[in-house]
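Colleague: Can you read through this structure? Questions will come right after.
Bear in mind that the values in this text are calculations on the coordinates, not laboratory data. All values derive from a computational prediction rather than experimental measurement. Cβ sites come from the backbone with ideal geometry, for glycine too, and all protein chains shown count toward neighbours.
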Amino acid sequence: MAKSDDQVTQLLGQLSGGNRDVVDSLMPLVYNELHIMAENQMRRERANHTLSSTALVNEAYMKLVDQTRVTWQNRAHFFAIAAQAMRRILINYAQQRLAKKRGGGQIVATYADDEVVRESRADELIALDEALERLKELNERQCRVVECRFFAGLTQEEIAEALGVSVPTVRRDWRIARAWLSRELGTA
């Protein structure tokens, strides 16, 4: 583990212990990775999206450090939760946009996978979110693997570390979850 990874884990432990003074020390250590995650997400969004990658990072970071019920395990755990936060933020924006333009069909995201790239609309992003919620009911770990991979861009090794499972388990969960989501979303 790199020195900065150790620092992040140490600061997260202090944050879990109630030390709010570490928030400012933590941000410079995680900002670049959070920004890369946000940029990956924003590439999937429409060109004129009102939320920038910097705003997404700031909004997600504020949600993360305000968590009082999370006992941060390590850096990977933090980024896995960051993926969930970014997912929620983007879904909320899509829902707000749909509420404003019911049936308007405005493009708001691009769904990217290793093999498939296609534009999606606000309703498709919401359909993905709803499918992930159903998957969570069936297999929470598979849902977390998809969140970490799709919303955070974590590697299989990072996902394994964050979830406390082996890399082959992550590969299997990713393969099964992708097939299940394709069937659920009618993209198979």
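Colleague: Take THR155, THR9 and order them by how many other Cβ atoms sit within 10 Å, fewest up front.
Modeller: Fewest-to-most Cβ neighbours within 10 Å comes out as THR155, THR9.
Colleague: Can you compute 3J(HN,Hα) from phi for each residue in segment 80-88, using the Karplus curve 6.51 cos²θ - 1.76 cosθ + 1.60 with θ = phi - 60°, rounded to whole Hz and x for Gly and Pro?
Modeller: Ordered by residue, 3J(HN,Hα) equals 5, 5, 4, 4, 5, 4, 5, 4, 4 Hz.
Colleague: If the chain between ASP5 and SER182 were fully stretched, how many nm would it gain, using 0.36 nm times the residue separation less the Cα-Cα distance?
Modeller: Working: separation 177, 0.36 × 177 = 63.72 nm, distance 3.51 nm.
This chain segment gains 60.2 nm when fully extended.
Colleague: Under 13 Å from the Cβ of HIS35, count the other residues' Cβ atoms, weight Lys and Arg +1, Asp and Glu -1, and hand me the total.
Modeller: On the way: positive: ARG43; negative: GLU33, GLU39, GLU59.
Around HIS35, the charge tally is -2.
Colleague: Count charges around GLU184 for me, please; just the other residues with Cβ under 10 Å from its Cβ, Lys/Arg as +1, Asp/Glu as -1.
Modeller: Once positives and negatives cancel, what remains is +1.
Colleague: What's the FRET efficiency of THR54 with ALA127 using the Cβ-Cβ distance as r and R₀ = 35 Å, to the nearest 0.05?
Modeller: That pair, THR54 with ALA127, gives E of 0.80.
Colleague: Quantify how much of the Cα-Cα distance distribution of segment 14-99 extends past 20 Å, in percent. Intermediate results must be reported in sequence, preceding the final value.
Modeller: Values: 1229 of 3655 pairs.
Beyond 20 Å sits 34 percent of the P(r) for segment 14-99.
Colleague: Tally Lys and Arg at +1 and Asp and Glu at -1 over the other residues with C-beta under 10 Å from the C-beta of MET86: what net charge comes out?
Modeller: Here the count lands on +1.
Colleague: May I pose another question? Would you kindly derive the ³J(HN,Hα) couplings of segment 57-73 from the backbone phi angles with the Karplus curve 6.51 cos²θ - 1.76 cosθ + 1.60 (θ = phi - 60°), listing them in order in whole Hz, with x for Gly and Pro?
Modeller: Taking θ as phi minus 60°, the curve returns 4, 4, 5, 5, 4, 4, 5, 5, 6, 8, 5, 10, 9, 9, 9, 5, 8 Hz for segment 57-73.
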